[in-house]
Amino acid sequence: MSNIKYQISNILDFPILKETVHGKPLVYLDNAATSQKPQQVINAIVEAYSHWNSNIHRGVHHLSQVATKHHEEARQAVATFIGAKSSDEIIFTKGTTDSLNALAFALGEPTPNPSLKGGESKAWINEGDEVIVSGLEHHSNIVPWQMLCERKKAVLRHIPLRKDLTLDLEAFKGMLSAKTKMVSVAQVSNVLGTIQPIEEIIRLAHEKNVPVCIDGAQSVPHMSVNVQALDCDFLAFSGHKMYGPTGIGVLYGKREWLEQLPPHEGGGEMINHVRWSGTTYNELPYKFEAGTPNFVGSYALQKAMEYMNEYGWPAIEAHENELTTYCEEKLRAMDGVHIYAAGQNKAGVISFNLYNDDQLIHPFDVGTLLDQQGVAVRTGHHCAEPLIDELGVPGTVRVSFGLYNDKTDVDTFIEALKKTQMMLS
């Protein structure tokens, strides 16, 4: 095993991992919800507020110029990280949810560039049009599209699941039609951890001239994502799940789309000129970034990406894949454990439930007792109620890995789970 954690003294880089919980050393296995932050990211936040805190873009003084430089360098770093053609295609947002809401709103508003709809100033999505998501989605990739469809009298459809919890691509093919105006799918399920066939989904959608948005909240932190290679039209992800700070995220969009879509918010920075007679909008990417941006968050996000780049994707993916396989093997060796989508290709996430004589042990009880032993996991519906409803359970127990976890963490978790099972039997 690569044993990344100790090769590069990872545990020393993450101050919170030295904490104890209920008198036990913390074992943090809730990375799909949010990841912990290395000292380099924490230092970046302190540095920004201590040495060059100032509003960006509009100031001629030194601090503003330094802050602007760091913010725009971070934008370029994000573009490089995901393989975008240009930093102009990188929109900073508050996170994945904010990115998807911004996109869904913009697609329902008349475009300032009539060329999008053959010379008519119409929205991309109108009455009778259809949006397709999948049956695996997080609420953040369902509710914004529901809101759009309700507002525009459009129709939201979802790709059904097969019995093995994989997406039914044959059904998806049959769903694509002239009415389809957007497909938005998570590359990695936040509940199951399964990696979706996003390349095939994009290919099939593009054959019908349908744009595709990727919810990359669970993929960008754990696997190499290159937007040009995938040929996706949009990508949304969050900083806090990839060792960066909270409150910063990204919406990537192909330039040809971003130039034509209207902004979702108004105010400072996103304008070119404001007159009582009307407002003209700024150039990309600033058209979509109203108000003072999170320039401290963007700088800290850059440091998080630099930290990940120290390892490189081959090492990160190999390490987390090995942990996931190791953990599934340990769980499968236990009686009374049901793993969802067992044995499938996953990106660092496992969902399961405990049973006692075929009687479900409530996942909340399991999570509570694990916490008493210092092990942090996630329980519940994981903001994916339609999927949980399809599984026919009130929720699941979810373990999820980061680059600072190792086999010792898995062993500690398994021993704690066995004790939990005994206490609840």
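The values are calculated or read from the model by the stated rules, or taken from the named source; none is laboratory data. Predicted model, so just to flag it, every value in this text is computed and none were measured. So basically every Cβ, Gly included, is an ideal-geometry build from the backbone, and we count neighbours across all protein chains shown. Heavy atoms of the whole protein, side chains included, go into the accessibility calculation; ligands, DNA and RNA do not. Shrake-Rupley method; radii C 1.70, N 1.55, O 1.52, S 1.80 Å.
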With (1) among the hydrophobic types (A, V, I, L, M, F, W, C); (2) closer than 20 Å to LEU176 by Cβ; (3) modelled with pLDDT of 95 or more as the list, and TRP124 as the residue in question, which single condition is left unmet?
(3)
Can you tell me which condition VAL188 does not meet? The list is (1) open to solvent by less than 10 Å² (accessible area, probe 1.4 Å); (2) more than 30 Å from GLN39 (Cα to Cα), and all the others hold.
(2)
Among helices (runs of 4 or more DSSP H) entirely within region 289-372, at least 1 residues that are aliphatic (A, V, I, L, M), touching a Pro at 6+ places or on another chain (Cβ under 6 Å) and crowded, with 21+ Cβ neighbours inside 10 Å occur in 295-311
Let me confirm something: among ASP358, ASP335, ASP409, which residue is touching a residue at least 24 places away in the same chain (Cβ under 8 Å) and of a type outside the set (Val, Ile, Thr)?
ASP409
Among the candidates ASN53, ASN43, which residue alone is within 14 Å of ALA304 (Cβ to Cβ), out of contact with any Gly (no Cβ under 6 Å at 6 or more places or on another chain) and open to solvent by 70 Å² or more (accessible area, probe 1.4 Å)?
ASN43
Evaluate region 397-406: report whether one residue or more is farther than 27 Å from HIS222 by Cα, in contact with a helix residue (DSSP H, G or I) (Cβ under 7 Å, 6 or more places away or on another chain) and open to solvent by less than 40 Å² (accessible area, probe 1.4 Å).
no
Considering only residues of region 155-185 that are of a type in the set (Ser, Thr, Tyr) and open to solvent by less than 30 Å² (accessible area, probe 1.4 Å), which is farthest from PHE105 (Cα to Cα)?
THR180
Restricting attention to region 215-241, which residues are over 9 Å from the mean Cα position of the chain (by Cα) and within 17 Å of GLU310 (Cα to Cα)?
HIS222, MET223, SER224, VAL225
As an exercise: evaluate GLU415 against (1) under 30 Å from MET305 (Cα atoms); (2) open to solvent by 60 Å² or more (accessible area, probe 1.4 Å) and give the number of the one condition it does not meet.
(1)
Of the residues that sit in region 91-110 and are closer than 15 Å to GLY244 by Cβ and assigned to a loop (DSSP other than H, G, I, E, B), which one is most open to solvent (accessible area, probe 1.4 Å)?
LYS94
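Inspect all residues belonging to region 382-396 and state whether any of them is among the charged types (D, E, K, R), within 25 Å of SER140 (Cβ to Cβ) and assigned to a strand (DSSP E or B). Step through it out loud before you land on a result.
Step one: of region 382-396, the residues among the charged types (D, E, K, R) are 385, 389-390.
If we keep only those that are within 25 Å of SER140 (Cβ to Cβ) as well, we get 385, 389-390.
Those left that are additionally assigned to a strand (DSSP E or B): none.
No, region 382-396 contains no residue that is among the charged types (D, E, K, R), within 25 Å of SER140 (Cβ to Cβ) and assigned to a strand (DSSP E or B).
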Could you please give the count of residues in region 329-381 that are out of contact with any strand residue (DSSP E or B) (no Cβ under 6 Å at 6 or more places or on another chain) and among the small types (Gly, Ala, Ser)?
4
Of the conditions (1) in contact with an Asp or Glu (Cβ under 9 Å, 6 or more places away or on another chain); (2) open to solvent by 20 Å² or more (accessible area, probe 1.4 Å); (3) at pLDDT 95 or above, ALA79 fails just one. Which one is it?
(2)
